[in-house]
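Read the figures in this text as sums done on the coordinates, not as results from a lab. Everything numeric in this text was worked out from a predicted model, so none of it was measured. Note that each Cβ is placed from the backbone with ideal geometry, even for glycine, and that neighbours are counted across all protein chains shown.
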Amino acid sequence: MKNRKHQFLYLTTEGWKTKAPHRIEIWYIRHQGRFYLVSQYRDEAHWVRNIKNHPGISFEVDSDKYVGLGRIIDPSEEPELAKKVSELMDAKYQWSDGLIVELRPEPGVLQK
């Protein structure tokens, strides 16, 4: 991970109970115009619970800010995508063990 600039994504979700914004710093990869994260604690992670209950998200990568939707990737339903994301995470961070979450930016929507 030589280039720290591209190491982290900053995700903001809406609290599943409180509705308050929650911001985290997390590793990510980009693939085919979407962003993928891996939750070490799977669906026990608060940010994953937030996305399951309120899929609308915002996030920042470097200086670019996006709004969009988050969703859980089920490896049994999308095995090729899950395999590719795991390979890319392993290549970038040498780690990919967890629940895969996809962030889909809204087309043409880049926050200022």
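Within the stretch 14-26, identify whether any single residue is surrounded by 16 or more Cβ atoms within 10 Å (Cβ to Cβ) and touching a His at 6+ places or on another chain (Cβ under 6 Å), and answer yes or no. The answer is yes, given that some residue of the stretch 14-26 is surrounded by 16 or more Cβ atoms within 10 Å (Cβ to Cβ) and touching a His at 6+ places or on another chain (Cβ under 6 Å).
Within the stretch 39-48, is there a residue that is small (Gly, Ala, Ser) and at positive phi? Looking through the stretch 39-48, none of the residues is small (Gly, Ala, Ser) and at positive phi. Note on the stretch 24-38: residues that are among the polar types (S, T, N, Q) and more than 17 Å from ALA91 (Cα to Cα) total 0. The set of residues from the stretch 20-42 being touching a strand residue (DSSP E or B) at 6+ places or on another chain (Cβ under 6 Å) and without any contact (Cβ under 8 Å) to a residue 12 or more places away in the chain comprises just one member, PRO21.
Residues being out of contact with any His (no Cβ under 6 Å at 6 or more places or on another chain), closer than 18 Å to TYR10 by Cα and surrounded by 18 or more Cβ atoms within 10 Å (Cβ to Cβ) are entirely absent from the stretch 71-86. Would you confirm whether any residue within the stretch 43-53 is surrounded by 16 or more Cβ atoms within 10 Å (Cβ to Cβ), free of Cβ contacts under 8 Å to residues at least 60 places away in the same chain and in contact with a His (Cβ under 9 Å, 6 or more places away or on another chain)? Checked the stretch 43-53: at least one residue is surrounded by 16 or more Cβ atoms within 10 Å (Cβ to Cβ), free of Cβ contacts under 8 Å to residues at least 60 places away in the same chain and in contact with a His (Cβ under 9 Å, 6 or more places away or on another chain).
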